[in-house]
Structures are given as C-alpha cells and as structure tokens.
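Novice: Quick one: the structure is below, questions incoming.
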Amino acid sequence: MSTTVIRNIDWLVAYDGSAGAHTYASGDIAFAGDTLTHVGGPFTGTADKEIDGRGFMVMPGLVNIHSHPASEPLNKGWNDEIGSAKLYNSSLYEIMPLFRPDAEGTKASFRVALCEALMSGVTTLVDLSAAHDGWIDLMAQSGMRGVLGPMYRDARWYTDNGYVVKYEWDEASGRRAMDTALAIVTAAEKHPSGRLSGMVIPSQIDTCSEGLFRDSYAEALRLKVPFQTHAAQSIVEFHEMTRRHGMTPIEWLDSIGVLGPTSIIGHGIFLDHHTATSWPKRDDLATILDRGVTVAHCPTVFIRRGITMQTVGAYIRRGVKIGIGTDTYPHNMIEEMRHALYASRIVAKNVFDLRTSDIFNAATLGGAAALQRHDIGRLAPGAKADLVMVDITAPSMRPLRDPIQSLIYAAADRAVRNVFVAGEQVVKDGRVTTMDYETASLELEETQRRVEPMVRQLDWAHRSHAERKATPGHREVWAKRSCLEI
C-alpha cells in the first residue's frame, strides 16, 4: 500500500475530535491507500509520493446529500426562470415533466452533473434518480463516492389545466419499482470499489401510499441504509396532504412511523411555521428535532422561483440536523452554500442569522452524519482520504483573510485545483480525470435539441418549448431572442 504526503500546506481544515469541529491548521497530510494517516504538523514517515502543498488550502471533500444527476442538467436554459403561476410558482407539476431525456441523454446528463460536482469539491454524492441502465458502472467510473437512491412511487402527478394537480395511481407498479430499487441498492452495497452504497427513496410524500412508505422504511432499517423522501417541498403538496389527512406533511410522516435518525427529508421548507402555509399549529420543527431527522437543504432550485426556507439559520439554532444538496443544475456545492447563506439572511433580515461555519459544517459533517458516516466530511487520522486542494494564490481568492469565506463568497469552483476520493485523484489542475466533461456537455446539448419536439406533445395546452418559456407580455421577445426556437 503506497503512501502519499502533501507537504507544507498553508491552510489545512483539520477536524478537532475533542471539539467536534473543523479548525484551521498547517503542515502536512498523509494517506495510505484510501485512509488518512497523518493530519497537521510535520510528517516524518516514509512516502512513495510527495505533493507540494504551498499555496494551497486543503479541506475535506464536500458531502452532497440530495441531487438528480440523470435529469437536472437537461433543464439548463429551459427551466431557468419559469414556474407555474397558478401552482404557487412551482415547476414540479406542469413544467419539469416536459423535458424527458432518452437513454443516451440520461448518460450525458449524469456525466455532466458528476463532473460539475467533482470540480466544486464534492467527493460524496447522493444520487436520487430513476433506475437506468449502466448506472452503477457510470458511478464507479466517475471515481465519486456514490450513494445510489433509485426513486419509485405509486402515482404520477399531472395537470390538465395548469391550476389543479391530479394523481394517477398504480400501486402494483410502485411495488415492482420498489423491488427493482432494492436490488440496485443491494448491488451498490456489494460493489468491489468500496465507494458505492445505497439509499431507500420512495419518491415524494404525495405520490406514495402509506403501505409503500412503511415497507420502504422497514427495508431501509433491515439493510442498514439511510431513508429519504421529498416532503414539504411545495404549497401544492402541503395542501394536498392536509386535504387527504388533516395533517401537515411532517405530521403525517410521523404518524405512520417513518421518521427517525436515519431519515432525511428533502426539502423541508413548507412546515407549519412557514408564512405561506397559515397552519394553526407550530409543531413540525419540534417533531423533526425529536425524531433526529436530517433536512436536505437545496436552496438554488427554490430561490429561482422566489421560494426560500424560513430560515435555515433558525433550523440550525433550533438544533435540527442539516445537510446540503444541489438538487438542480449546476451541481456546484460551493455556489449552493453561498445561496444558502444569502437566502437565509435575506429572509431573516439579519446578517447574523447564518454564519459561514454553519453552512460549511452542514456541507461536510452534517452530510456525513446523515449518511451515518464518521469517516467522511472531515480530515482526521482514520478518515477516508477524500480531500480538496484549493489554490489560495488564485486571483479570485485574494485578498486572503479566511480561505473558506473567500472560497464560498468569491472564488467558488474557480479555485478548486485537485480533488482526491479514497486516495485517488479525480480532479487535476481543475479538470476531471475520470470523465470527459466537454464531450458530455456536447452530448447533453444534442439531447436537448432531440427532445424539444416532445414538449408540445406533453404540454396540456400543446405549447412549444419557446411558448412555454414565455411569460405574459414577453412572448415576442422570446420569439426573437430564443436560441432554442427552431
């Protein structure tokens, strides 16, 4: 087993076990195989390979606990600034189902998302996707520490008028999809790379029956893997669950016994305290806290539509466990952290509502805890050799005072130079070494052109993609300027 040492690191984000927190240090970091053996101070052992750490900050790899790589990159340029005006600005029900990748497009989308994640310092990624051919092999090829979460459900949602969401139920199909998902989870757990694992994910709270939820949670406990679902992600969903059950989404999940320390809720925005819900009780946060549930916070996809959590800073002060996910394009975790900070402060009208350290902890230690891992999201002897080298001499990092703040507020992925996962280099000089980002991006664009004609067929009002993007009073502008209109 070979040993690699990075010497003379200017800024080292080390984990202080006694404090249970990250701290700045300097010196050397060494790893043998996939495990860190030395963090901070001089390394006096023998090394097979040495890397110069001068001019770098070395930090733990980021842990992304909620993403959709197989589909979201396809929405670039299409879903940037549209929502359903009569469905509380959500894009879930009327818009997102219109762009559907084919098999080749799914692979291109996946590769683009994984490259973006790696280049922004992500070393562990939870992939919530529909089952697709070659998924396990693609994840293994990426070099990422991947958590495969095949989504399944009993019902599909749709609208035939733009203001009412309907559900088409097929519980037998949901059961078959669950069986397929569990087989993928089992295969991922057994993958010889040692980097892959699984997660049980009934897709959304409003598309899965009580029985499917209960059995899914039982399977997650049996397999000893995390459990995640989408809940409290839209006002439409909130109203649907209160109409069906007379309970908030969180109340209902708790009533059927699927909330616990291994449960993750994405996105946990529309709780009973949110001003958009006007619900008389204020118990949801207490329930989440009491059950030890983690909330996967993915601000970017919501702030595009004028929607925010109220607030992630308040959740953290309350003691709720928070992890960070990208959910949407670009799969850039550093920008996601920045958006979380800004959105929380704007909603709170208080710069002190959320601190940089809070959100960095959520993107590292919080994500690791959600995955029941104590060997990722930190740099300490015995932890996995998942680390990121940030160029602190990059112009975008200067003037340098606090490198984490410079990275999040200014430089973002432009300063990420090298990334290692399990001791193997997957980003070198800012370029992914395991996949071809440029080719995948070209293939993704070709896919988008290929599926454009389907939009008119799938849209309830039979509008084209250009017409669907237009807003009242702006149709002529889009017709003249849209580079997608053919």
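Novice: Let me confirm something: among Arg145, Arg156, which residue is closer than 23 Å to Pro69 by Cβ, in contact with a strand residue (DSSP E or B) (Cβ under 8 Å, 6 or more places away or on another chain), open to solvent by 40 Å² or more (accessible area, probe 1.4 Å) and in contact (Cβ under 8 Å) with a residue 24 or more places away in the chain?
Specialist: Result: Arg156 is the single residue among Arg145, Arg156 that is closer than 23 Å to Pro69 by Cβ, in contact with a strand residue (DSSP E or B) (Cβ under 8 Å, 6 or more places away or on another chain), open to solvent by 40 Å² or more (accessible area, probe 1.4 Å) and in contact (Cβ under 8 Å) with a residue 24 or more places away in the chain.
Novice: May I pose another question? Cβ-Cβ below 7 Å, separation at least six or inter-chain, first residue in the range 446-474 and among the small types (Gly, Ala, Ser), second open to solvent by 80 Å² or more (accessible area, probe 1.4 Å) and modelled with pLDDT of 90 or more: which pairs?
Specialist: Note: pairs meeting the criteria are Ser464/Arg456.
Novice: Restricting the search to the range 252-273, which residues are open to solvent by 10 Å² or more (accessible area, probe 1.4 Å), within 15 Å of Leu371 (Cα to Cα) and hydroxyl-bearing (Ser, Thr, Tyr)?
Specialist: Of everything in the range 252-273, just one residue is open to solvent by 10 Å² or more (accessible area, probe 1.4 Å), within 15 Å of Leu371 (Cα to Cα) and hydroxyl-bearing (Ser, Thr, Tyr), namely Thr262.
Novice: Can I ask one more? Can we say Ala412 is modelled with pLDDT of 90 or more and surrounded by 15 or more Cβ atoms within 10 Å (Cβ to Cβ)?
Specialist: Spelling it out, Ala412 is indeed modelled with pLDDT of 90 or more and surrounded by 15 or more Cβ atoms within 10 Å (Cβ to Cβ).
Novice: List, please: which pairs have Cβ atoms under 6 Å, are six or more places apart or on different chains, and start with a residue in the range 187-200 that is over 20 Å from Gly33 (Cβ atoms) and end with one that is open to solvent by 40 Å² or more (accessible area, probe 1.4 Å)?
Specialist: Gly198/Glu189; Val200/Glu219
Novice: Further question on the same structure: Just one of Val236, Val258 is aliphatic (A, V, I, L, M) and not in a helix (DSSP H, G or I); which is it? Even if it seems obvious, please write down each step before you answer.
Specialist: On the way: Val236 fails: not in a helix (DSSP H, G or I).
It is Val258.
Novice: Among the residues of the range 357-368, is there at least one that is in a loop (DSSP other than H, G, I, E, B) and touching a Gly at 6+ places or on another chain (Cβ under 8 Å)? Steps first, answer last, please.
Specialist: Of the range 357-368, the ones in a loop (DSSP other than H, G, I, E, B) are none.
Within the range 357-368 (the criterion being in a loop (DSSP other than H, G, I, E, B) and touching a Gly at 6+ places or on another chain (Cβ under 8 Å)), the answer is no, since none of the residues qualifies.
Novice: Moving to a separate point now. Output the residues belonging to the range 22-77 that are among the hydrophobic types (A, V, I, L, M, F, W, C), within 30 Å of Ile201 (Cα to Cα) and in a loop (DSSP other than H, G, I, E, B).
Specialist: Across the range 22-77, the qualifying residue is only Ala70.
Novice: Given Ser109, Ser91, which one is small (Gly, Ala, Ser), in a loop (DSSP other than H, G, I, E, B) and either over 30 Å from Met397 (Cβ atoms) or touching a residue at least 60 places away in the same chain (Cβ under 8 Å) (or both)? Steps first, answer last, please.
Specialist: Working: Ser109 fails: in a loop (DSSP other than H, G, I, E, B).
Just a single option satisfies the conditions, and that option is Ser91.
The values are calculated or read from the model by the stated rules, or taken from the named source; none is laboratory data. Fair warning: this is a prediction, and the values are worked out from it, not measured in the lab. Here Cβ is always computed from backbone atoms with ideal geometry, including for glycine, and neighbour counts include all displayed protein chains. Note: areas computed on protein heavy atoms with side chains; ligands, DNA, RNA excluded. Shrake-Rupley method; radii C 1.70, N 1.55, O 1.52, S 1.80 Å.
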